[in-house]
Amino acid sequence: MLDIAKRAAREAGVTDKVVLQHGDATQLANLFHARSFDVILCHNILEYCDDPGAVLCGAARALRDSSAILSLLVRNRAGEVFKAAIQAGDLAVAESNLIAEWGQESLYGGLVRLFTSDSLQAMLKAASLAVIAERGVRVLADYLPSRISRTAEYARILELERKLSSRPEYAAVARYTQCFARLP
């Protein structure tokens, strides 16, 4: 991923504005100075960490001030229920996912931590962060039948995703949950 990021930065001509750092996300305090960032993206990371709370505490320490934003994207437990039922047709797995803390990672293999809105908000609060917005990501795209072309219908799917993502009743069953948080 770092190689891809380096190449993207080089192609965009922003290598002088981007710092890429390899390290343990639970050790952010050793990687970056306190109060260093206006924006931190923590997308698809907490699912793979042994101690997601430590990552959030480190991120909170690294936010510059109360105007800085942390964007989190995590695997939504409810989304795993719907994926198993709708996509795989496996009602037993869907039922077990109702209370599962871990799910199967289909791309890389192994286990992936699952979050609920409540568990994520509790972790953010424990890290002294306040949630300012929450939305669903991939509310319906991952559940569409294969006969619907993701390529030909991309614009329509994207527009519908935008409409659904901020509506709590739909965001609740999205494959991913995105939270925006800041220091109080």
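Exactly one of (1) part of a loop (DSSP other than H, G, I, E, B); (2) open to solvent by 80 Å² or more (accessible area, probe 1.4 Å); (3) without any contact (Cβ under 8 Å) to a residue 60 or more places away in the chain is unmet by Pro184. Its number? Of (1) part of a loop (DSSP other than H, G, I, E, B); (2) open to solvent by 80 Å² or more (accessible area, probe 1.4 Å); (3) without any contact (Cβ under 8 Å) to a residue 60 or more places away in the chain, only one is false for Pro184: (3).
Within the range 40-60, the set of residues being outside any helix (DSSP H, G or I) and open to solvent by 90 Å² or more (accessible area, probe 1.4 Å) comprises Leu41, Asp50.
Restricting attention to the range 125-165, and to residues there that are outside any helix (DSSP H, G or I) and polar (S, T, N, Q), which single residue is nearest to Val55 (Cα to Cα)?
Filtering the range 125-165 for residues outside any helix (DSSP H, G or I) gives 127-140, 144-153.
Remaining after also requiring polar (S, T, N, Q): 128, 146, 149, 151.
Numbers: Ser128: 12, Ser146: 37, Ser149: 38, Thr151: 36 Å.
Restricting to residues being outside any helix (DSSP H, G or I) and polar (S, T, N, Q), the top hit is Ser128.
Every residue, every condition in (1) over 25 Å from Val39 (Cβ atoms); (2) buried (at least 18 other Cβ atoms within 10 Å of the Cβ); (3) hydrophobic (A, V, I, L, M, F, W, C); (4) in contact with a Lys or Arg (Cβ under 9 Å, 6 or more places away or on another chain), yes or no:
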residue	(1), (2), (3), (4)
Gln87	yes, no, no, no
Ala92	yes, no, yes, no
Ile99	yes, no, yes, yes
Leu111	yes, no, yes, no
Tyr143	yes, no, no, yes
Ile148	yes, no, yes, no
Glu159	yes, no, no, no
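Filtering the range 61-72 to residues that are assigned to a loop (DSSP other than H, G, I, E, B) and either among the charged types (D, E, K, R) or under 15 Å from Ser119 (Cα atoms) (or both) leaves Arg64, Asp65.
For Arg75, state whether it is part of a strand (DSSP E or B) and buried (at least 17 other Cβ atoms within 10 Å of the Cβ). Break it down stepwise before answering.
On the way: part of a strand (DSSP E or B): yes; buried (at least 17 other Cβ atoms within 10 Å of the Cβ): yes.
Spelling it out, Arg75 is indeed part of a strand (DSSP E or B) and buried (at least 17 other Cβ atoms within 10 Å of the Cβ).
Conditions tested, residue by residue: (1) on the phi > 0 side of the Ramachandran plot; (2) of a type outside the set (Phe, Trp, Tyr); (3) at pLDDT below 95.
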{"residue": "Ser106", "(1), (2), (3)": "no, yes, yes"}
{"residue": "Gly109", "(1), (2), (3)": "yes, yes, yes"}
{"residue": "Leu120", "(1), (2), (3)": "no, yes, no"}
{"residue": "Val131", "(1), (2), (3)": "no, yes, no"}
{"residue": "Gly136", "(1), (2), (3)": "no, yes, no"}
{"residue": "Leu144", "(1), (2), (3)": "no, yes, yes"}
{"residue": "Arg147", "(1), (2), (3)": "no, yes, yes"}
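Quick grid of which residues meet (1) under 17 Å from Ile45 (Cα atoms); (2) β-branched (Val, Ile, Thr); (3) touching a residue at least 60 places away in the same chain (Cβ under 8 Å):
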residue	(1), (2), (3)
Leu107	yes, no, no
Arg113	yes, no, yes
Met123	yes, no, yes
Ser128	no, no, yes
Ala133	no, no, no
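The single condition among (1) assigned to a helix (DSSP H, G or I); (2) open to solvent by 80 Å² or more (accessible area, probe 1.4 Å) that Val81 does not satisfy is (2). Among the residues of the range 5-47, those that are closer than 28 Å to Ala127 by Cα, among the charged types (D, E, K, R) and without any contact (Cβ under 8 Å) to a residue 60 or more places away in the chain comprise Asp24, Arg35, Asp38.
The values are calculated or read from the model by the stated rules, or taken from the named source; none is laboratory data. Since this is a predicted model, take the numbers as computed values, not measurements. Cβ atoms come from the backbone with ideal geometry, glycine included; neighbour counts cover every protein chain shown. Please note that ligands, DNA and RNA were not included when accessible areas were found on the heavy atoms of the full protein model with its side chains. Shrake-Rupley method; radii C 1.70, N 1.55, O 1.52, S 1.80 Å.
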